[in-house]
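Asks: Okay, here's the structure, questions in a sec.
The values are calculated or read from the model by the stated rules, or taken from the named source; none is laboratory data. In this text, all values refer to a predicted model and were calculated from it rather than measured experimentally. Here the Cβ positions follow ideal geometry from the backbone for every residue, glycine too, while neighbour counts run over all protein chains shown. For the accessible areas, the whole protein counts, side chains as well, though only heavy atoms, and no ligand, DNA or RNA atoms are used. Shrake-Rupley method; radii C 1.70, N 1.55, O 1.52, S 1.80 Å.
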Amino acid sequence: MDITSLILIIIATLISGGASLFIRYNYKKYKQVILTKKMTGYDVARKILDINNLSDILIFETDGELSDHYDPSNKTIKLSHSIYNGNTIAAASVAAHECGHAIQDKEGYTFLKFRNKIIPIVNLSSKLGYVAISIGFIFSLVNLIWIGIAFEIIILLFQLITLPVEFDASRRALKIIKELNIVTDDEHSGAKSMLISAALTYVAGVVSTLLEILRLVLIFTRNDQ
């Protein structure tokens, strides 16, 4: 492995690792801070959904940590155990964020619609990208290598589209928990810190993928000379 590739790998690892540690630090910190109103994540989500005429969306408890998500295919929100049952700043923040996605879906938010449409292509790209690149390098198939890199660029495009989706969902979450008096001013500040750190993990993902594509292009162009 050449020094340039090694440097890019180290930078990508530090960025993604740092972002992951940051979100886990804030998550651990704010899941210990009890809300003044002691509403659980489920209570917060249900209140936000009902007020936004989304009473048909069901909320389920799911396994895992930080596995919370909104599923647009069946209009459900799944909250991890500590978020669903927790009455903390972290629980309220994450639950409100997922409701932000549900509201985006209801309003036909452009970036969310586009992201949902390309998910099948992205899933295919994630499976075939490195397979194509590996086979291309082994058998010196130039076109196949570039196809593999193109698959990686599709993944990067998906991550770039995800950024405004996530930032907008957090913006909506912070606004609505303040308007509904779910949190106090101090708690709102904590929720903001929690959601900003979560958003930074998506930024780190974009940077890491970009560096990996750059690394692959450098390796390929160097070997092709």
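Asks: Determine the pairs where a residue that is over 26 Å from Ile161 (Cβ atoms), located within the stretch 205-225, has a partner that is modelled with pLDDT under 95 and of a type in the set (Gly, Ala, Ser) with Cβ atoms under 7 Å apart, the partner being 6 or more residues away or on another chain.
Replies: Close Cβ pairs satisfying both conditions: Ile219/Ser5.
Asks: From Glu65, Glu61, which residue is loosely packed, with under 15 Cβ neighbours inside 10 Å, over 30 Å from Phe220 (Cα atoms) and at pLDDT below 95?
Replies: Glu65
Asks: How many residues does the stretch 1-57 contain that are more than 19 Å from the chain's Cα centre (by Cα), polar (S, T, N, Q) and open to solvent by 70 Å² or more (accessible area, probe 1.4 Å)?
Replies: Result for the stretch 1-57: 4.
Asks: Answer with yes or no whether Lys75 is in contact with a strand residue (DSSP E or B) (Cβ under 9 Å, 6 or more places away or on another chain) and surrounded by fewer than 16 Cβ atoms within 10 Å (Cβ to Cβ).
Replies: Considered against the rule, which asks whether it is in contact with a strand residue (DSSP E or B) (Cβ under 9 Å, 6 or more places away or on another chain) and surrounded by fewer than 16 Cβ atoms within 10 Å (Cβ to Cβ), Lys75 comes out as yes.
Asks: May I pose another question? All but one of (1) touching a Cys at 6+ places or on another chain (Cβ under 8 Å); (2) under 22 Å from Gly18 (Cβ atoms) hold for Val207, so report the exception by its number.
Replies: (1)
Asks: Output the residues belonging to the stretch 167-218 that are open to solvent by less than 60 Å² (accessible area, probe 1.4 Å), at pLDDT 95 or above and of a type in the set (Lys, Arg).
Replies: Within the stretch 167-218, Arg172 is the sole residue that qualifies.
Asks: Does Ser93 meet the test of being surrounded by 21 or more Cβ atoms within 10 Å (Cβ to Cβ) and among the polar types (S, T, N, Q)?
Replies: yes
Asks: Please give the number of the condition Thr88 fails out of (1) touching a helix residue (DSSP H, G or I) at 6+ places or on another chain (Cβ under 9 Å); (2) open to solvent by 40 Å² or more (accessible area, probe 1.4 Å); (3) touching a residue at least 12 places away in the same chain (Cβ under 8 Å).
Replies: (2)
Asks: Within the stretch 91-126, can you find the residues that are among the charged types (D, E, K, R) and either more than 17 Å from Leu195 (Cβ to Cβ) or over 17 Å from the mean Cα position of the chain (by Cα) (or both)?
Replies: Step one: list which residues in the stretch 91-126 are among the charged types (D, E, K, R), which gives 98, 105-107, 113, 115, 117.
Passing the criteria: Asp105, Lys106, Glu107, Lys113, Arg115, Lys117.
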